[in-house]
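The values are calculated or read from the model by the stated rules, or taken from the named source; none is laboratory data. Quick caveat: nothing in here was measured; it's all calculated off a predicted structure. Ideal geometry is used to build each Cβ from the backbone, glycine not excepted, and the neighbour counts take in all protein chains shown. These area figures cover heavy atoms from the full protein model, side chains too; ligands, DNA and RNA do not enter into them. Shrake-Rupley method; radii C 1.70, N 1.55, O 1.52, S 1.80 Å.
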Amino acid sequence: MVKYHFKTALRTFKKNKVFTAINLVGLTVGMTAILLILIWAQNEWSFDRYYPNAKRIYRVICHWEGKGEHLTLSTIPIRLRDLAIEEIPEAQEFFIMLPQIFERPLVKTADGEVFEEEELAYLSDNWLSQFGNGIVSGSIAAYRANRFGLALTEERAKKFFGSVDPIGKTLEVFGINYKVELVLKDNPPNSSFQQKVFLPLKSYWPNRLTYAEELRSSNYKFVAFFKAQEAIDVEEVEAKFTSLMGQIDQNKPTSCSVFALTDMRFQQSITEDIFLHQEKATVNIFALIGLIILLAAILNYINLSTATINKRVQEIGIRKVIGANTRNIFLQVVTESLIISVVSFVLSLIAVYCFMPSLSGYTGLALRLDLTNGYIWTLLGSTLVFATLVASMYPAFLHAGLKPIQLIGKGDASSKGGRLRRILVVGQFTAAMVVLIGAIAINQQLQFIQDAEVGYDREQIMSLKLKYTAGDNFRKNLDNFKILKEELEQIPEIESIAIADRDVTHINNRNSGTLKWKGKPEDQSVIVSQLRADEDFTSVFDLKMDRGRWFSRDNIGDKNNIIVNETAVKTLGIPEPVIGLWSSFQGREGQIIGVVKDFHFDDFHQSIEPLVIWHNGGRGPIIMARLQASQLSQALFRIEEKFEHFFPGKPFEYSFLDDTFLKMHQADIKAKTLLQIFTGIIVFISCLGLLALTMFDAQRRQKEMAIRKVLGANLVKVIEQLTKNYVIYIGLAFMLAIPTAFYFLQKWLENFAYHIEMSIWMFLIPGLAIFSIAMLTMGYHIVKVARTNPVNSLRQ
């Protein structure tokens, strides 16, 4: 029986080659899209969940509360761990990491090769037992036993030692010789922990005295996790950690939060976290878009299966008369759907394999179609079963439910399922319009960000950062950088030049508790962003002063004076007159000499925060220069010459501020590009189905149109009859798409502190575009029927 169903299905496909091809193309594109999206989404959803006891591992972070800002810190003081072990029974086993994110140490091999390492961290002894990804060589026991032992990932071992076994070899880090005791497998792409070189935390403190100093300092620099023995009351544990923080840091109103390791990937608003995060809504939205694309392809199949039922009327009728039962007909239609689904699935797997490297490069994740992974097989199997069941059930029931007497007569069986077809067509075009409206709105928001007035001029400004490596003389490098700036001032291709401690596009440097002014309440806690800059800073960026002045070389008192932004005055309640008001910042007593107009120093997701600018004495790690647009190459060549003179052997790495500004919104730009691609896919699939329905409808109504023409209908009337239903469907889709798209876009725009307002044209243009594409899709076949000689049509 199975063989018979299979043969009959092949004959049916051969009779309906065009419709079969349309179904194959649609389902292949739909399955490819959803598989690519689901492989990426599954990677995001599964982040850190494969670690042993992952659901019982929690991370501790701290919060600073102050007037004007709430600051979430990714790290804790090490003393909090020691107190928690004594006083919090739920947190008895801690895992501590001290990442080296602000310093790129040099790693030197015994052969004299030197590498600059970006992914190095100090770890507590138990870290690798919990978060290691399998041992390649060596042992954790040997690593723990050696105060100056070192562990590497497999990738770093090959980088430092090639094919030689690294166990027992030495590497010099921070001037100390470490012995390689352990090589680990590289962590998978769905792990937050992507560090490559590991040093024992106990080697960070040379002796007990330095550890005691660490306890007294209360420095927030340690990443902390703890393992609970059983389920915990999160709020209760948070209260206990907060109480302990009150003992450690009494100068700042600090609280603590606790969340599970399995939730860490989707945590937001953590300042300068070493772990990358993702917005959960973004993952869910793209998974939903993938499902919509697959459903659009499946709906095409259902539409064509129900619409072309007339072509199978005699076949099904005769089979029922000679004894075929409902079950036979049902299984026949299901077999056809299964064959189409399986062939489409195989083609989509080939497409996924081809597109996977591009997806990995675009997302920055090492994604691959791993057929040894059970989760991947679950995704593949679920997609195939879902597509087959949804595509086959309704057509199978519809075909099997027809009565023999109806089938052999002259009735129009295609009218069955007509209401569902209309709903499906409307649904397809509603989805296409919603996604197209979203793509236009996202594009407008990103254009708004690019064109917005940010408060400074970022065109033609080069940023040159002094990168520190282990062994550098910190003060000498700063002195040389200051001299370098003075040398660069002599280059005619440089219009203006300044030196600062932070990139103006992303300052991300906050201070709590040290800002004071005359009249400030003693109990008011203040958190501000801070920037150290010189006298020339405002000339480079063309910053505007609201009142007062900028720093001056001629005023020696400016080394203690500060400048604040407008938001600081408004938010912190600094009294008038602001100019000349006594101030103290970072222990320097002076006065507020100026109020600079607000400018953006973070991405547009964040609102402008209170900012304090203080004098850096002409010393800092970043030089920013405005170059003549017509002399860029010459200016860069001369700057590099000067740089290499003062810093031989250091890499000359620079960037332009307009590029840096756009990189801050890279995630939004990628989302826009992906949405444009998916919009094209949905529109393509919808129009593919519309083309097939139009072809069928035109053929089915050919005689009807011929009779209308004989009775006097002109070309316009015939075209109107053939298109009016589809125009109504598209109109209904447009009416449904407007509120749906508006709701979701408003939610998305709420993620930005500064955003566009939705305009009517953002809805009208997608509606007109979809209408025009649909008309062009249907046009050829409709005009062909309308222009056919009625005599030829009636003779058929």
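What residue, of 174, 148, 161, 198, is closer than 23 Å to residue 108 by Cβ, surrounded by fewer than 16 Cβ atoms within 10 Å (Cβ to Cβ) and of a type outside the set (Asp, Glu)?
Just a single option satisfies the conditions, and that option is 148.
How many residues does segment 645-677 contain that are part of a loop (DSSP other than H, G, I, E, B) and more than 22 Å from residue 503 (Cα to Cα)?
Start the filter on segment 645-677 by keeping residues that are part of a loop (DSSP other than H, G, I, E, B), which leaves 647-653, 664-665.
Then keep just the ones that are more than 22 Å from residue 503 (Cα to Cα); that gives 648-649.
Matching residues across segment 645-677 total 2.
Scan segment 486-504 for residues that are polar (S, T, N, Q) and surrounded by 16 or more Cβ atoms within 10 Å (Cβ to Cβ) and report the count.
Qualifying residue count, segment 486-504: 1.
Looking at 160, 174, 222, can you tell me which residue is in contact with a Leu (Cβ under 6 Å, 6 or more places away or on another chain), closer than 20 Å to residue 100 by Cα and of a type outside the set (Val, Ile, Thr)?
222
Do any strands (runs of 3 or more DSSP E) lying entirely in segment 542-597 carry at least 3 residues that are of a type in the set (A, V, I, L, M, F, W, C) and either surrounded by 14 or more Cβ atoms within 10 Å (Cβ to Cβ) or touching a residue at least 60 places away in the same chain (Cβ under 8 Å) (or both), and which ones are they? If you could, list the steps in order and put the result at the bottom.
Working: elements: 545-548, 562-565, 582-585, 588-596.
Hits in segment 542-597: 562-565, 588-596.
So the check is Cβ under 7 Å with 6+ separation or different chains; which pairs have a first residue in segment 480-504 that's of a type in the set (Lys, Arg) and a second one that's modelled with pLDDT under 90 and open to solvent by 40 Å² or more (accessible area, probe 1.4 Å)?
482/619
Can you name the number of the only condition in (1) buried (at least 18 other Cβ atoms within 10 Å of the Cβ); (2) modelled with pLDDT of 85 or more; (3) outside any loop (DSSP other than H, G, I, E, B) that residue 755 fails?
Only one criterion is unmet by residue 755, namely (3).
Evaluate segment 476-485: report whether one residue or more is among the hydrophobic types (A, V, I, L, M, F, W, C), in contact with a helix residue (DSSP H, G or I) (Cβ under 9 Å, 6 or more places away or on another chain) and either surrounded by fewer than 18 Cβ atoms within 10 Å (Cβ to Cβ) or at pLDDT 85 or above (or both).
Yes, segment 476-485 has at least one match.
Name the residue, out of 558, 501, 523, 534, that is charged (D, E, K, R), at pLDDT 85 or above and more than 30 Å from residue 641 (Cβ to Cβ). Even if it seems obvious, please write down each step before you answer.
Values: 501 fails: more than 30 Å from residue 641 (Cβ to Cβ); 523 fails: at pLDDT 85 or above; 534 fails: more than 30 Å from residue 641 (Cβ to Cβ).
None of the others qualify; the one that does is 558.
Within segment 79-99, track down each residue that is open to solvent by 10 Å² or more (accessible area, probe 1.4 Å) and aromatic (Phe, Trp, Tyr). Lay out the reasoning, then the answer.
First, pick out the residues of segment 79-99 that are open to solvent by 10 Å² or more (accessible area, probe 1.4 Å): 79, 81-83, 85-87, 89-90, 92-94, 99.
Correct list: 94 only.
Would you check which residues across segment 46-75 are of a type in the set (Val, Ile, Thr) and either assigned to a loop (DSSP other than H, G, I, E, B) or at pLDDT 90 or above (or both) and list them?
57, 60, 61, 75
Please state which one of 366, 387, 391 is within 29 Å of residue 276 (Cβ to Cβ), touching a residue at least 24 places away in the same chain (Cβ under 8 Å) and within 33 Å of the chain's Cα centre (by Cα). Explain how you work it out, then say what you get.
Values: 387 fails: within 29 Å of residue 276 (Cβ to Cβ); 391 fails: within 29 Å of residue 276 (Cβ to Cβ).
Every option except 366 fails the conditions.
Does residue 56 satisfy being open to solvent by 40 Å² or more (accessible area, probe 1.4 Å) and in contact (Cβ under 8 Å) with a residue 24 or more places away in the chain?
Values: open to solvent by 40 Å² or more (accessible area, probe 1.4 Å): yes; in contact (Cβ under 8 Å) with a residue 24 or more places away in the chain: yes.
In short, yes.
Which condition from (1) under 17 Å from residue 87 (Cα atoms); (2) assigned to a loop (DSSP other than H, G, I, E, B) is the one that residue 238 breaks?
The one condition residue 238 does not meet is (2).
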